[in-house]
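Structure first, commentary second.
The values are calculated or read from the model by the stated rules, or taken from the named source; none is laboratory data. Because the structure is predicted, anything quoted here is derived from the model rather than measured. No Cβ is skipped: glycine too gets one built from the backbone with ideal geometry, and neighbour counts run over all protein chains shown.
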Amino acid sequence: MAVRIARLTTVAATITLVACGQPLFTPDPPRPPVIPREPYFAPPASAAEIASVAWSHGSCLGTCPVYTASLTSSGVARWKGEYPERFAGGDTTTVDTATFRRVAERILDAGTFEWEAEQPHIVDASSLTLAVALTDGRVKRVTGSGGPHTSLVWALDSIAETLPWRREARPFEFFYRALVWKSGQASGRTSPAHR
(Lines give C-alpha, C1' and ligand atoms only; values in the text may rest on other atoms or scores of the structure.)
Protein backbone atom coordinates (compact mmCIF):
# COMPACT_ATOMS: atom_id res chain seq x y z
CA MET A 1 0.00 0.00 0.00
CA ALA A 2 2.82 2.38 0.87
CA VAL A 3 4.48 1.54 -2.46
CA ARG A 4 1.27 2.48 -4.27
CA ILE A 5 1.03 5.82 -2.47
CA ALA A 6 4.68 6.51 -3.29
CA ARG A 7 4.07 5.75 -6.97
CA LEU A 8 0.98 7.98 -7.06
CA THR A 9 2.93 10.77 -5.37
CA THR A 10 5.74 10.37 -7.90
CA VAL A 11 3.27 10.49 -10.82
CA ALA A 12 1.53 13.57 -9.35
CA ALA A 13 4.87 15.32 -8.82
CA THR A 14 5.96 14.51 -12.38
CA ILE A 15 2.71 15.87 -13.82
CA THR A 16 3.07 19.02 -11.71
CA LEU A 17 6.67 19.58 -12.83
CA VAL A 18 5.81 19.02 -16.48
CA ALA A 19 2.84 21.33 -16.25
CA CYS A 20 4.71 24.09 -14.39
CA GLY A 21 4.51 27.37 -16.14
CA GLN A 22 1.55 26.24 -18.22
CA PRO A 23 -1.83 27.89 -17.70
CA LEU A 24 -4.60 25.74 -16.32
CA PHE A 25 -6.62 26.30 -19.52
CA THR A 26 -6.20 28.30 -22.68
CA PRO A 27 -9.04 30.51 -23.83
CA ASP A 28 -10.35 30.07 -27.35
CA PRO A 29 -8.89 32.56 -29.81
CA PRO A 30 -11.30 35.24 -30.93
CA ARG A 31 -13.51 34.04 -33.75
CA PRO A 32 -14.14 36.08 -36.86
CA PRO A 33 -17.66 37.46 -37.25
CA VAL A 34 -20.18 35.22 -38.99
CA ILE A 35 -20.78 36.52 -42.48
CA PRO A 36 -23.87 35.27 -44.30
CA ARG A 37 -23.04 33.11 -47.30
CA GLU A 38 -25.22 35.19 -49.56
CA PRO A 39 -27.25 38.38 -49.25
CA TYR A 40 -30.77 38.14 -47.93
CA PHE A 41 -33.36 37.65 -50.67
CA ALA A 42 -36.55 39.47 -49.68
CA PRO A 43 -39.50 37.26 -50.60
CA PRO A 44 -42.39 38.70 -52.59
CA ALA A 45 -45.39 39.96 -50.66
CA SER A 46 -47.71 37.62 -52.56
CA ALA A 47 -47.71 34.86 -55.15
CA ALA A 48 -48.97 37.41 -57.69
CA GLU A 49 -45.43 38.89 -57.77
CA ILE A 50 -44.00 35.67 -59.24
CA ALA A 51 -43.61 36.18 -63.01
CA SER A 52 -42.11 32.84 -64.02
CA VAL A 53 -40.76 29.56 -62.73
CA ALA A 54 -38.04 27.62 -64.54
CA TRP A 55 -36.40 24.37 -63.58
CA SER A 56 -33.84 22.08 -65.13
CA HIS A 57 -32.49 18.59 -64.71
CA GLY A 58 -28.79 18.10 -65.40
CA SER A 59 -27.02 14.91 -66.33
CA CYS A 60 -26.21 12.00 -64.04
CA LEU A 61 -23.93 8.98 -64.45
CA GLY A 62 -26.78 7.05 -66.09
CA THR A 63 -29.48 7.94 -68.61
CA CYS A 64 -31.24 10.74 -66.74
CA PRO A 65 -33.02 13.12 -69.13
CA VAL A 66 -31.37 16.54 -69.43
CA TYR A 67 -33.87 19.34 -69.99
CA THR A 68 -35.18 22.75 -68.98
CA ALA A 69 -38.83 23.67 -68.46
CA SER A 70 -40.65 26.86 -67.54
CA LEU A 71 -44.06 28.24 -66.70
CA THR A 72 -44.95 31.93 -66.92
CA SER A 73 -47.72 34.00 -65.38
CA SER A 74 -48.70 35.08 -68.91
CA GLY A 75 -49.78 31.47 -69.61
CA VAL A 76 -46.82 30.10 -71.59
CA ALA A 77 -45.23 26.74 -70.76
CA ARG A 78 -42.04 25.54 -72.48
CA TRP A 79 -39.58 22.72 -72.30
CA LYS A 80 -36.37 22.02 -74.17
CA GLY A 81 -34.80 18.58 -74.03
CA GLU A 82 -31.15 17.77 -74.70
CA TYR A 83 -30.62 14.11 -73.77
CA PRO A 84 -31.39 11.29 -74.52
CA GLU A 85 -32.18 11.71 -78.20
CA ARG A 86 -35.90 10.87 -77.90
CA PHE A 87 -36.29 13.98 -75.67
CA ALA A 88 -34.14 16.26 -77.85
CA GLY A 89 -36.04 19.28 -79.10
CA GLY A 90 -38.79 21.13 -77.35
CA ASP A 91 -42.42 22.08 -77.11
CA THR A 92 -44.58 25.03 -76.11
CA THR A 93 -48.11 24.98 -74.73
CA THR A 94 -50.33 26.99 -72.42
CA VAL A 95 -50.77 26.91 -68.68
CA ASP A 96 -53.96 28.32 -67.21
CA THR A 97 -53.77 31.11 -64.63
CA ALA A 98 -55.25 28.96 -61.84
CA THR A 99 -52.52 26.32 -62.29
CA PHE A 100 -49.78 28.96 -62.36
CA ARG A 101 -51.23 30.62 -59.24
CA ARG A 102 -51.19 27.23 -57.41
CA VAL A 103 -47.55 26.76 -58.45
CA ALA A 104 -46.63 30.29 -57.30
CA GLU A 105 -48.39 29.80 -53.95
CA ARG A 106 -46.64 26.47 -53.43
CA ILE A 107 -43.27 28.10 -54.13
CA LEU A 108 -44.04 30.87 -51.65
CA ASP A 109 -45.38 28.45 -48.99
CA ALA A 110 -42.31 26.22 -49.32
CA GLY A 111 -40.06 29.07 -48.18
CA THR A 112 -38.09 29.00 -51.44
CA PHE A 113 -36.79 32.54 -50.98
CA GLU A 114 -35.09 31.60 -47.70
CA TRP A 115 -33.11 28.67 -49.15
CA GLU A 116 -29.37 28.86 -49.77
CA ALA A 117 -28.51 29.14 -53.47
CA GLU A 118 -26.18 26.11 -53.31
CA GLN A 119 -27.71 22.92 -51.96
CA PRO A 120 -25.90 19.60 -51.43
CA HIS A 121 -24.85 17.63 -54.50
CA ILE A 122 -25.37 13.86 -54.53
CA VAL A 123 -23.14 11.66 -56.65
CA ASP A 124 -24.99 10.04 -59.58
CA ALA A 125 -28.07 12.18 -59.09
CA SER A 126 -29.34 14.63 -61.65
CA SER A 127 -28.42 18.19 -60.69
CA LEU A 128 -31.59 20.24 -60.26
CA THR A 129 -31.89 23.99 -60.70
CA LEU A 130 -34.90 26.07 -59.76
CA ALA A 131 -35.18 29.73 -60.85
CA VAL A 132 -38.08 31.90 -59.74
CA ALA A 133 -38.34 35.30 -61.47
CA LEU A 134 -40.27 38.09 -59.80
CA THR A 135 -42.14 40.95 -61.47
CA ASP A 136 -39.52 43.41 -60.12
CA GLY A 137 -36.81 41.63 -62.14
CA ARG A 138 -35.08 39.75 -59.31
CA VAL A 139 -34.43 36.02 -59.74
CA LYS A 140 -34.01 33.48 -56.92
CA ARG A 141 -31.91 30.48 -58.02
CA VAL A 142 -31.38 27.26 -56.10
CA THR A 143 -29.21 24.45 -57.42
CA GLY A 144 -28.01 21.03 -56.25
CA SER A 145 -29.21 17.45 -56.27
CA GLY A 146 -30.21 17.20 -52.61
CA GLY A 147 -32.07 19.72 -50.56
CA PRO A 148 -35.53 21.17 -50.09
CA HIS A 149 -35.88 22.25 -53.71
CA THR A 150 -35.79 18.68 -55.07
CA SER A 151 -39.34 17.85 -53.97
CA LEU A 152 -40.54 21.15 -55.41
CA VAL A 153 -38.89 20.40 -58.78
CA TRP A 154 -40.48 16.93 -58.80
CA ALA A 155 -43.85 18.55 -58.08
CA LEU A 156 -43.28 20.93 -61.00
CA ASP A 157 -42.51 17.90 -63.21
CA SER A 158 -45.80 16.29 -62.19
CA ILE A 159 -47.72 19.51 -62.95
CA ALA A 160 -45.95 19.86 -66.32
CA GLU A 161 -46.86 16.26 -67.16
CA THR A 162 -50.56 17.21 -67.01
CA LEU A 163 -50.28 20.10 -69.51
CA PRO A 164 -51.50 19.64 -73.12
CA TRP A 165 -48.14 19.18 -74.88
CA ARG A 166 -48.04 18.34 -78.61
CA ARG A 167 -45.07 15.97 -78.37
CA GLU A 168 -45.57 12.46 -77.10
CA ALA A 169 -42.08 11.97 -75.61
CA ARG A 170 -41.63 14.41 -72.73
CA PRO A 171 -38.63 14.31 -70.39
CA PHE A 172 -40.49 15.07 -67.17
CA GLU A 173 -42.66 12.01 -67.68
CA PHE A 174 -39.49 9.99 -66.91
CA PHE A 175 -39.27 11.51 -63.42
CA TYR A 176 -43.04 11.66 -62.94
CA ARG A 177 -43.41 7.95 -63.65
CA ALA A 178 -40.43 7.16 -61.43
CA LEU A 179 -42.13 9.13 -58.66
CA VAL A 180 -45.42 7.27 -59.22
CA TRP A 181 -43.48 4.00 -59.09
CA LYS A 182 -41.80 4.98 -55.82
CA SER A 183 -45.13 5.94 -54.26
CA GLY A 184 -46.59 2.66 -55.56
CA GLN A 185 -43.78 0.72 -53.88
CA ALA A 186 -44.55 2.52 -50.64
CA SER A 187 -48.20 1.48 -50.90
CA GLY A 188 -47.41 -2.15 -51.68
CA ARG A 189 -47.63 -2.17 -55.49
CA THR A 190 -44.60 -3.87 -56.97
CA SER A 191 -44.67 -3.31 -60.74
CA PRO A 192 -42.91 -0.12 -61.88
CA ALA A 193 -45.28 2.32 -63.58
CA HIS A 194 -42.54 3.38 -65.97
CA ARG A 195 -42.11 -0.01 -67.69
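Numbers at a glance
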| item | result |
| --- | --- |
| Unmet criterion (only one of (1) closer than 28 Å to Thr97 by Cβ; (2) at pLDDT below 90; (3) under 18 Å from the mean Cα position of the chain (by Cα)) for Glu116 | (1) |
| Test: residue in region 19-36 that is at pLDDT below 80 and hydroxyl-bearing (Ser, Thr, Tyr) | yes |
| Where a residue in region 107-120 is closer than 11 Å to Phe41 by Cβ and its partner, wherever it lies, is surrounded by fewer than 12 Cβ atoms within 10 Å (Cβ to Cβ) and not hydroxyl-bearing (Ser, Thr, Tyr), with Cβ under 6 Å and at least six apart | Ala117/Glu38 |
| Selection count, region 113-156, where residues are outside any loop (DSSP other than H, G, I, E, B), of a type outside the set (Gly, Ala, Ser) and in contact with a strand residue (DSSP E or B) (Cβ under 8 Å, 6 or more places away or on another chain) | 17 |
| Odd one out for Ile122, checked against (1) within 21 Å of Leu71 (Cβ to Cβ); (2) modelled with pLDDT under 85; (3) surrounded by fewer than 19 Cβ atoms within 10 Å (Cβ to Cβ) | (1) |
| Segments classed as strands (runs of 3 or more DSSP E), wholly inside region 42-112, with at least 1 members that are of a type outside the set (Asp, Glu) and over 22 Å from the mean Cα position of the chain (by Cα) | 76-83, 89-94 |
